[in-house]
Amino acid sequence: MIQILTKDWIMIPFISTLVFFLFYLYSQRVFDFIHSKTLGSRGEIMRLLDLMFVEVEEKKLTTILFLLSIGLGAIAFFALWPNLVAGAIIGGAVTVLGWSLPLMFVRAMYQSRCSRFTDQMIDGLTIMANGIKSGLSVPQAMERVVENLQNPISQEFNLVLSQLRLGRSVEEALTELGERIPKPDVQMFVTSINILKETGGNLAETFQTIVQTIRERQKIEKKIQAMTAQGIMQGIIISLVPIVIMIVFLVLDPKYVMPMFTTTLGLIMTFMMFAAIFIGGISIRKIVKINV
């Protein structure tokens, strides 16, 4: 049975036929998936960069994404020539990563910016509370925050003030702030101001309460990060062990593992191995990640 599976003239037509029928049955889903990972990915990157006040031309971004995906994929394919199966698998994987990694990187930058904004809210709301106690209005208190703190809270509050100068209401400007920074602490800040402006109340005390809530939330988050650090490290080590073992064998006895890269069955098993490592890593990350 194993000898039959190692025959290229049997495996290649079999895999090609299987891929054709799967593609025929799920063609619409495949096209939707490809669109979401290519042009849809570009649109999401543009949206996130705009939220971070980063201006990028759409044509330049499209060119960069094509070079990182199809360009690097083509280089990987021709580097493995004339091994077409290995070139197709590695080139396809590089192409997919070339489209996916930029979006993951930009999302990480955006999440980091939102987290920095939340951290700055402790000092920002303290400044606003002191300003309101001294008789300043909400926009005047926000101006003091812009003058004393750095980005990103300075950028966001400055945009809110610019919208107010153009005639927008405080409620509308703050609601858009909550949409740009989708964090629970920001939503609580926006909701408290909008409600108290209609019903009346002590904004200074409300801001102090929000500051206390943010501090307690950060304490819990840091405690959870310390408790889950071991699980994250174990997941990284488990994911890297098969790759390290493969590299060791390539150095000590290349002939022992070369069939994994030179035969059709070996390439299929190698692809399945990396897919299992990827799925396992994602599963471990979802298990150890706890949202507060």
> Over segment 223-292, how many percent of alpha carbon pairs lie in each 5 Å bin up to the one with the longest distance?
Replying inline: 3, 16, 19, 19, 14, 10, 8, 6, 4, 1, 0
>> I'd like the distance between the alpha-carbon centres of segment 238-292 and segment 145-187, rounded to an integer number of Å.
In response: 46
> If each of residue 223 and residue 199 carries a label point 7 Å out from its Cα toward its Cβ, how far apart are those two points in nm?
Replying inline: 3.0
>> Modelling each spin label as a point 7 Å along the Cα-to-Cβ direction, I'd like the residue 265/residue 165 distance in nm, to one decimal.
In response: 7.3
> Going toward the positive end of the dipole of segment 118-212, with +1 on Lys and Arg Cβ and -1 on Asp and Glu Cβ, which of 160, 134, 207 do you reach last?
Replying inline: 134
> Along the principal axes of its C-alpha atoms, what lengths does segment 118-212 span, in descending order and rounded to whole Å?
Replying inline: 28, 27, 26
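To the nearest 20 Debye, how big is the dipole of segment 118-212 about its Cα centre, given +1 on the beta carbon of each Lys and Arg and -1 on that of each Asp and Glu? All intermediate terms of the calculation are to be shown ahead of the outcome.
On the way: 7 positive and 12 negative charges, 34 e Å.
Result for segment 118-212 is approximately 160 debye, rounded to the nearest 20.
Provide the gained length on full extension for the span residue 215 to residue 249, in nm with one decimal, where the gain is 0.36 nm per separating residue minus the Cα-Cα distance. Please list the in-between numbers first.
Values: separation 34, 0.36 × 34 = 12.24 nm, distance 5.04 nm.
Length difference between fully extended and current span is 7.2 nm.
Since every read-out is calculated from the coordinates, none of them should be taken as a lab result. Note that this is a predicted model, so its numbers are computed, not measured. Note that each Cβ is placed from the backbone with ideal geometry, even for glycine, and that neighbours are counted across all protein chains shown.
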